[in-house]
Every structure is written in structure tokens, then in C-alpha cells.
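The values are calculated or read from the model by the stated rules, or taken from the named source; none is laboratory data. Since this is a predicted model, take the numbers as computed values, not measurements. Neighbour counts run over all protein chains shown; Cβ positions are idealised from the backbone, glycine included.
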Amino acid sequence: MSAAVPELPTLLVFEQSRPGRRASTLPAHDLPVPEVPSELARTRAPRLPELAEPELVRHFTGLADRTFGVDTGFYPLGSCTMKHNPRMNERVVSLPGFRDLHPLQEEDGAQGALELMWRLQEILAEVAGLDAVTLQPAAGSQGELTGLMLMRAYFSDRGEGDLRDTVFVADTAHGTNPASVTMAGYKLEKVGTDARGNLDLEVLRERVNERTAGLMLTNPSTLGLFDESIEEVARIFHGAGALLYYDGANLNAVCGISRPGDMGFDIVHYNLHKTFSQPHGGGGPGGGPVAVREILEPFLPVPAVVRDGDRFRFDYDRPKSIGKVRGFAGPFGVFVRSYAYIRSYGPRLREMSEAAVLNANYVLARLRDTYDLPFDRLCMHEFVLSARNLKRDHGVTALDVAKRLMDYRFHPPTIYFPLIVPEALMIEPTETEPKERLDAFADAMLAIAREAAEERDLVKDAPHRRPVKRVDEVQAAKRAIVRYRFEEHPQLSAGAPTGAAVEAQKGA
Ligand SMILES: Cc1ncc(COP(=O)(O)O)c(C=O)c1O
């Protein structure tokens, strides 16, 4: 019988630190040491971890190995559209003409960049079926706030600014929608969902009136369902003189197939980082451009990127503009990657959405008999199941299913959202996944449902194969520990390194 090999302990970088170890050696400098006023000068050396290069590399590579991203596996996080980021886009954005461009470069020396922005605006306007676009906002949520500020500017200009004080938001909405409404200074009115997953028309007919500024809606909704009454919804709001705002986080379902502008929406934001690809899982850069109908164009942020014949320039001459919403011209690297993604499809852009919808319906078809399906319809690019049957029959919750999926090496779907579905599992495969990957995921979901019935504890105690098991999420959110507590580890609180302590590993 062979003895078990003990696992190496996982140490924090501070715990691996040894005084005097270095990952690199800098040449001695001969610059004068500046005089620092004594009240500002350090009294002891900073407590930075001291490691030789091999251990430093292993430490960070080890951490990277523990993380999960679209490059390591399937990531069906509903509403977040975690699709593959083509490497070609990274090459393009790294071209020196884009990469090294200074945001204050004169227009003459930035014609290529301005042209790219102008072309992206034109494409986005076409995709939305609207007239004008600003690229400035840095995320969907900032696009929402910008859109609502445009709404406010429009009504103020018409002398209705004080009268119209309410914006309707669906009960399935993403949390940023009500937050944006409140930040923009509007009153929030919630509208429910009917038995087929559409907006409750009766409530709208009753409550939309001359005090209504607008509606914020994502279509398809966060249930993954296209609102079958959208034209009637638009009639109700426009009939009362109000505007319709489209939360474009779910645009991946409809690109090149149907256009928010044709549905009746007047303001649209895009999530460039979702629909048109961008590495965004770990809080990476985002883009939330906003498109509007002609009547709202005068209020768009400055500067606008405009074309004069063969030349492109910034236009600041917009007296009714709401002003700037972000520094310089917006998140330029995001524009380049999204432009490249869109151009790689060209006129076949609708294939992107068609494949996303097909993939979602395929996975739904495989899972619908095992998990509860609260709204039994064809889905769009994502769908929402419920684990309430597993909870009722075996005490296994959506959270347990999500944790167990990690053992099968899948990123969990979004859970407990939208709020109107108990034990919600919100699954978005995206168009960039092959059938084999979808099948492997569906097989894992089916296996977990079987385990729930036959080996309940296996699911309740999951994950078993991840370095971090279940964490106390409430504590983690409320009492985040974001610094190393040296006072709890006095043996590590050494001061400045001493020459005598230097060990042999220098830079290896
Ligand atoms: C439906 C919906 N709306 C709005 C947003 C906000 O977008 P962002 O995260 O870019 O601010 C999200 C983000 O997940 C979303 O899913």
C-alpha cells in the first residue's frame, strides 16, 4: 500500500515571503536622493512580499489556474453573453496606430480612428433601426443613465420636464434599470409579467398617462422571451406622449433579424462587451453606446464624431447637448474590437443571433423534461429554468445545482434571477459554442438531477473538486477582507530586509 502524497499547502504571497529575496536586480543608480520632509518620510520599509522570480511566477500562475473564464470552459452566465473573444480582434486593437494613439491627438493625425468610430456609429444605428449614435458611455448601466438623461432633456425642451416624472420598469428587469431610473431623478413604477411572459398590458392601459416619461424594457426579456405585444406596448406609451427605452443587453438575440427602432423604441443602449465580444468577465473594459430617434439627436453627448466629405472630426457645436458623459471620446479599444467582430460577420450578422437562438433552444429541449420550465415557449438567446422541482422532491436548490456544475468544470448559470422565477437557473450558451460542448453541459445538468434523487449529499456538499469550497457569501459581501492582517501574523511583520538574510535565489 503506497502512502498518500501530502498536498502542498497553499500559501498567501506574504506567507511565502523571505526577507531579501528578489525577483529582479536593478542596477545601482547614481541620482541624488531627494530630500523628503521628515513628516512625510517612511519610518520603516513597506511590507511588500519578497520572492525570487520562480516562486513569484508559480504563485501567480497557480492563481490563474484556479480562475475560470471563457478560455477555460463553457460559461453560460445568463444575460452576460460570455462568448469567445476572437484573437484576431486583439491583434487588430494592438496595431500601433490604434494602440499608441493619444486621446488628445489632433484630428489630422487620428483620421483612421475617427473613421472607425464613425463607421461603428453607422453600423449600430442600422442594427437598432434608429438615426444617431453616441459611443461615449462606458457600460450598459452608464448607457441607461445617459438614455434617461436624454429623455429628461427632451421633455424639458418641450416644456414637459416637470410634468413627466415617472418611468415604468418590468418586474423582470436587470437591477441596473430601476437604479438608473432613480439616479436620473424619475419615479419608478413596476409593471408585472403575464402568464405567457409578456408585459401586463392591462396594467399599462390603466396606469400610463400624461405623467409618464417612458418605459425601460429589454426585449427579449431576461426570461429569454420576446414580448409578443411589443407593438401594442409602444402604442400605449407613444399614445400618452411618452418614450420607449430599449435595454440592449439582450440584443444578441435579434441582430439583423428585428430592430428595436422598428418595434417602437426611441432610445437604445448596446452592451458592446456582450453582443460584439470583449474580454469582460473579470470587470474588463465595457462599452454602452446609445442610439436615438432623430427627435432626440440634438441632446446627445458631445463631441459627436461626424463626417465632412472625406474627413472625420469631433463636433462640439451642439447647444442642446447633455454634455460629456465620459472622458475623451469613450473606450476606444472596445470600439476597435467590436468593429472587428461586426465586420467579420459583414452582411451575415444575423447568423450570429440565429446561432445563439438555435443553441439556446437546443439546450432547452434537452433539459425541459427534467427541470421546471416556468414559461413554456420557444426561447430566444437564453432561457430560464427552475430547480423548484428538485427543491420540492429532494431539498436540492438552484445554488446546489450551480455548485455541483463546478465539479463538472462548467461555469454556473446565473441563479435566482429574474426575481419572479423561484429557484431560477438562467442559461445563455451564446453562438460560439459547438454542439459537443452544449451536449456535455446538458449531460451534466441531467446527471446532477439524477444525483439529487440518488446521492443528495453529493450535490448538497458540492463543489468537491475545486480549491475553494462553499463560502459564506453573505459574510464575504458584508465583511470583505481585502488586506493582509500582519498584526495576526507577528512572525511575518519583519521590517526592512537585511543583507545577511539574502538567500541564493536572486532572480534565478
Ligand atoms: C439585462 C441587463 N441590462 C443591463 C445590464 C447592465 O450592463 P453593464 O453590466 O454593462 O453595466 C446588464 C448586465 O448584466 C443586463 O444583463
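Please indicate, with yes or no, whether at least one residue in the range 278-298 is within 16 Å of the ligand (Cβ to nearest atom), modelled with pLDDT of 95 or more, under 22 Å from the mean Cα position of the chain (by Cα) and of a type in the set (S, T, N, Q).
no
Which members of the range 114-154 meet the condition of being within 16 Å of the ligand (Cβ to nearest atom) and either surrounded by fewer than 20 Cβ atoms within 10 Å (Cβ to Cβ) or among the small types (Gly, Ala, Ser) (or both)?
Ala128, Ala138, Ala139, Gly140, Ser141, Gly143, Gly147 - these are the residues of the range 114-154 that are within 16 Å of the ligand (Cβ to nearest atom) and either surrounded by fewer than 20 Cβ atoms within 10 Å (Cβ to Cβ) or among the small types (Gly, Ala, Ser) (or both).
Please give the number of the condition Gln278 fails out of (1) surrounded by fewer than 24 Cβ atoms within 10 Å (Cβ to Cβ); (2) part of a loop (DSSP other than H, G, I, E, B).
(1)
Mind listing just one residue for me: the one in the range 246-264 that is in contact with a Phe, Trp or Tyr (Cβ under 7 Å, 6 or more places away or on another chain) and assigned to a strand (DSSP E or B) and, of those, nearest to the ligand (Cβ to nearest atom)? Spell out the reasoning first.
Within the range 246-264, the first condition is being in contact with a Phe, Trp or Tyr (Cβ under 7 Å, 6 or more places away or on another chain), and the residues that meet it are 246, 248, 251, 260.
Now narrow it down to the ones that are assigned to a strand (DSSP E or B): 246, 248.
Values: Tyr246: 10, Gly248: 8 Å.
My answer is Gly248.
Find the helices (runs of 4 or more DSSP H) located wholly in the range 15-108 whose residues include 1 or more that are modelled with pLDDT under 90, and list them.
Values: elements: 53-66, 87-93, 96-99.
The helices (runs of 4 or more DSSP H) meeting that bar are 53-66.
Using the structure shown, decide if Ile267 is more than 11 Å from the ligand (Cβ to nearest atom) and free of Cβ contacts under 8 Å to residues at least 40 places away in the same chain. It would help to see each step written out before you state the result.
Details: more than 11 Å from the ligand (Cβ to nearest atom): yes; free of Cβ contacts under 8 Å to residues at least 40 places away in the same chain: no.
Spelling it out, it is not the case that Ile267 is more than 11 Å from the ligand (Cβ to nearest atom) and free of Cβ contacts under 8 Å to residues at least 40 places away in the same chain.
If a residue must be closer than 21 Å to Tyr339 by Cα, surrounded by 21 or more Cβ atoms within 10 Å (Cβ to Cβ), more than 13 Å from the ligand (Cβ to nearest atom) and not basic (Lys, Arg), how many such residues does the range 71-87 contain?
Of the residues in the range 71-87, 1 are closer than 21 Å to Tyr339 by Cα, surrounded by 21 or more Cβ atoms within 10 Å (Cβ to Cβ), more than 13 Å from the ligand (Cβ to nearest atom) and not basic (Lys, Arg).
Counting just the residues of the range 399-417 that are in contact with a strand residue (DSSP E or B) (Cβ under 7 Å, 6 or more places away or on another chain) and buried (at least 23 other Cβ atoms within 10 Å of the Cβ), which one comes out farthest from Glu351 (Cα to Cα)? Steps first, answer last, please.
Filtering the range 399-417 for residues in contact with a strand residue (DSSP E or B) (Cβ under 7 Å, 6 or more places away or on another chain) gives 399, 401-402, 411, 413-417.
Within this subset, residues satisfying the condition of being buried (at least 23 other Cβ atoms within 10 Å of the Cβ) are 401, 413.
Numbers: Val401: 32, Pro413: 24 Å.
Out of the qualifying residues, it is Val401.
In this structure, is Phe68 surrounded by 15 or more Cβ atoms within 10 Å (Cβ to Cβ), more than 16 Å from the ligand (Cβ to nearest atom) and either under 19 Å from the mean Cα position of the chain (by Cα) or basic (Lys, Arg) (or both)?
Values: surrounded by 15 or more Cβ atoms within 10 Å (Cβ to Cβ): yes; more than 16 Å from the ligand (Cβ to nearest atom): yes; either under 19 Å from the mean Cα position of the chain (by Cα) or basic (Lys, Arg) (or both): yes.
Yes: the conditions hold for Phe68.
How many residues are under 27 Å from the mean Cα position of the chain (by Cα) and surrounded by fewer than 17 Cβ atoms within 10 Å (Cβ to Cβ) when one looks only at the range 375-398?
Total satisfying the criteria: 2.
Among the residues of the range 177-189, which ones are free of Cβ contacts under 8 Å to residues at least 40 places away in the same chain and part of a helix (DSSP H, G or I)? Please lay out each step first, then the result.
Start the filter on the range 177-189 by keeping residues that are free of Cβ contacts under 8 Å to residues at least 40 places away in the same chain, which leaves 178-189.
Those that are free of Cβ contacts under 8 Å to residues at least 40 places away in the same chain and part of a helix (DSSP H, G or I): Pro178, Ala179, Ser180, Val181, Thr182, Met183.
Of the residues that sit in the range 213-229 and are within 16 Å of the ligand (Cβ to nearest atom) and hydrophobic (A, V, I, L, M, F, W, C), which one is surrounded by the most Cβ atoms within 10 Å (Cβ to Cβ)?
The qualifying residue surrounded by the most Cβ atoms within 10 Å (Cβ to Cβ) is Met216.
Considering only residues that are over 16 Å from Glu351 (Cβ atoms) and surrounded by 18 or more Cβ atoms within 10 Å (Cβ to Cβ), which ones fall in the range 423-439?
Passing the criteria: Glu423, Ala424, Leu425, Met426, Ile427, Glu428, Leu438.
If you go through the range 433-486 one residue at a time, how many are assigned to a loop (DSSP other than H, G, I, E, B) and among the small types (Gly, Ala, Ser)?
Count: 2.
Got at least one residue in the range 155-162 being within 16 Å of the ligand (Cβ to nearest atom) and either more than 28 Å from Arg348 (Cα to Cα) or at pLDDT 95 or above (or both)?
Initial filter on the range 155-162 (within 16 Å of the ligand (Cβ to nearest atom)): none.
No; the residues of the range 155-162 include none that is within 16 Å of the ligand (Cβ to nearest atom) and either more than 28 Å from Arg348 (Cα to Cα) or at pLDDT 95 or above (or both).
Which residue, of Val169, Val191, is farther than 23 Å from Thr81 by Cα, buried (at least 16 other Cβ atoms within 10 Å of the Cβ) and either within 16 Å of the ligand (Cβ to nearest atom) or among the charged types (D, E, K, R) (or both)? Before the answer, list the steps.
Details: Val169 fails: farther than 23 Å from Thr81 by Cα.
Criteria check complete, one pass: Val191.
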